[in-house]
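Structure record follows, encoded as structure tokens.
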Amino acid sequence: MISTAFAQELGPPVADLSMFGLFLQADIVVKIVMAGLLFTSIWCWAIVFEKYFGFARAKRAANQFEKAFWSGQSLEELYQTYNRKRPGPMAALFVAAMREWKRSAEMGVRASQAGVQLRVQKAMDVAMTREMDRLERRLLFLATVGSTAPFVGLFGTVWGIMNSFSAIAVSKNTNLTVVAPGIAEALFATALGLLAAIPAVIFYNKLSTDLGRLASRFESFGDEFVAIMSRQLDERA
């Protein structure tokens, strides 16, 4: 009797409101939502770092190739240099164009200048599409997370609040110490949704801008190379 009275006087036990405690106390559905959002956030950061370093490598490779391209070295020597190793995105456009140009010459194709230019331009377009697809890979995942993660977190919040109200109805106790843990774990799901969505949106916009700049740079090089090739064809005619 004394212990019961003493426990009633102290009130209900204090719930663990730490992040780990809120996760452990949450409903199984809310736990799944929290775990999924946490994994999604980690995966988004992995994509961000992978793309950041990948774009940096592509920019360095483009700078090195442009320096070699405009150094006065012959196109044949440049082709032999970059054809023996895995080229960067911009060098890959050059190698694809030179390979098509040499293939036409080796097969003895006597096509018009416009026909040769068209085949070279097509080869560069295919190479550019392949390189841009490789650079853009998994970037759409950031956009998907940025648009859906808040709603997934909101679903966990709504589910957790529904459970809190159900517990209130069963216990017939509206004491804040009874209500607070359930509402806290529900709001924690929303916080995890925002934690995944906000960086995903920010870095998707930045990486998309960087990708657009790389694409414009590759297109400019392609136009310059086609112009150089056209002048050489005029000289041989």
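The values are calculated or read from the model by the stated rules, or taken from the named source; none is laboratory data. A quick note: this is a predicted structure, and the numbers were derived from the prediction, not measured. Every residue, glycine as well, gets a Cβ built from its backbone with ideal geometry; the counts of neighbours run over all protein chains shown.
Among the residues of segment 44-84, the ones that are β-branched (Val, Ile, Thr) and modelled with pLDDT under 90 come to 1 in all.
Tell me whether segment 175-186 contains one or more residues that are exposed (fewer than 12 other Cβ atoms within 10 Å of the Cβ) and modelled with pLDDT under 90. Give the derivation first.
At the first step, the residues of segment 175-186 found to be exposed (fewer than 12 other Cβ atoms within 10 Å of the Cβ) are 175-176.
With modelled with pLDDT under 90 added as a condition, the list becomes 175-176.
Looking for residues that are exposed (fewer than 12 other Cβ atoms within 10 Å of the Cβ) and modelled with pLDDT under 90, one finds at least one in segment 175-186, hence yes.
Starting from residues that are within 16 Å of ILE161 (Cβ to Cβ) and surrounded by fewer than 18 Cβ atoms within 10 Å (Cβ to Cβ), keep the ones in segment 29-40 and report whichever is modelled with the lowest pLDDT. Give the derivation first.
We begin by selecting, within segment 29-40, every residue within 16 Å of ILE161 (Cβ to Cβ); these are 29-31, 33-34.
Retained after the next criterion (residues that are surrounded by fewer than 18 Cβ atoms within 10 Å (Cβ to Cβ)): 29, 31.
Details: VAL29: 80, LYS31: 83.
Filtering first and then ranking leaves VAL29.
Kindly check whether there is at least one residue in segment 153-173 that is touching a Cys at 6+ places or on another chain (Cβ under 8 Å), within 30 Å of ASP27 (Cα to Cα) and modelled with pLDDT of 85 or more. Let's see the steps before the verdict.
As a first pass, look at segment 153-173 and keep what is touching a Cys at 6+ places or on another chain (Cβ under 8 Å): none.
Among the residues of segment 153-173, not one is touching a Cys at 6+ places or on another chain (Cβ under 8 Å), within 30 Å of ASP27 (Cα to Cα) and modelled with pLDDT of 85 or more, which makes the answer no.
Here is the figure for segment 61-90: residues that are surrounded by fewer than 18 Cβ atoms within 10 Å (Cβ to Cβ) and within 20 Å of the chain's Cα centre (by Cα) total 0.
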